[in-house]
Amino acid sequence: GNWNFIHGGYDNVVNGWACSVMGYHCKAIAGANHVTISGGSLHTANATAAYSTIAGGTQNIVAQQLSTVSGGSFNEATGAKGTVGGGTGNKATADSSSVLGGASNLASGANASVIGGNTNTASGNSSVVGGGLTNTASATGAVVVGGRDNTASGPYSQASGRGAVATEYGQQAY
């Protein structure tokens, strides 16, 4: 591509326009314009990832415009404006979704967030999982504060503790 800057490293492939890449074995696929990969190795910016950033780590992917992976390993920001802060194996797959860190977390609802923990899912639009282990917020506006094995599946419901299930509109389970 044109107007690219490869700062160092080796085996980098930059086919987008106006990209800045520093690292090892990194790829900016044709169409991934104005992408920044600022360190680490084996990163990929897909063709639709214009104006996206990978700041470091290894084997991270940005796949839609304005998406960001700040670091860690095996993280994917595949929703437009999606963000993964770090950790390992985290995925932000919907528009404006985010995972701050942890391991194997998924934010798949639009505007959904997982703050951290392990194997948590925020799949409802505007849902939040604060952390913990194997928690799920699957309805619009549902929140799991933290804990373990909690489910908030009713719209605007809230669950916390261990094994709490909130299935009704606005229900709170502890």
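Just a few scattered comments:
- Solvent-accessible surface of the stretch 8-49, taken per residue with a 1.4 Å probe and all protein chains present: 42 Å².
- A value for semi-axes √(5λ) of the Cα gyration tensor in Å was derived from the coordinates, and within the list (1) 35, 21, 14; (2) 35, 15, 8; (3) 59, 13, 11 it appears as (2).
- Charge tally in the Cβ shell below 13 Å around residue 62, where Lys, Arg are +1 and Asp, Glu are -1, residue 62 excluded: +2
- Packing rank of 90-100, 163-173, 23-33, where each peptide gets the mean count of other beta carbons within 10 Å, highest leading: 90-100, 23-33, 163-173
- Of the solvent-accessible surface of the stretch 19-174, computed with a 1.4 Å probe over protein heavy atoms with every protein chain present, carbon and sulfur atoms account for 54 percent.
- Springs between Cα atoms under 10 Å define the GNM used for the chain, and in it the highest mean-square fluctuation of 114, 21, 143 occurs at 21.
- Amide H contacts under 5 Å for residue 144: 128, 129, 130, 159, restricted to partners 5 or more places along the chain or on a different chain, H placed in the peptide plane at 1.01 Å from N.
The values are calculated or read from the model by the stated rules, or taken from the named source; none is laboratory data. Owing to the predicted nature of the structure, the values given are computational and were not obtained by experimental measurement. We place every Cβ from the backbone using ideal geometry, glycine too, and count neighbours over all the protein chains shown. Keep in mind that these areas ignore ligands, DNA and RNA; they rest on the heavy atoms of the full protein, side chains included. Shrake-Rupley method; radii C 1.70, N 1.55, O 1.52, S 1.80 Å.
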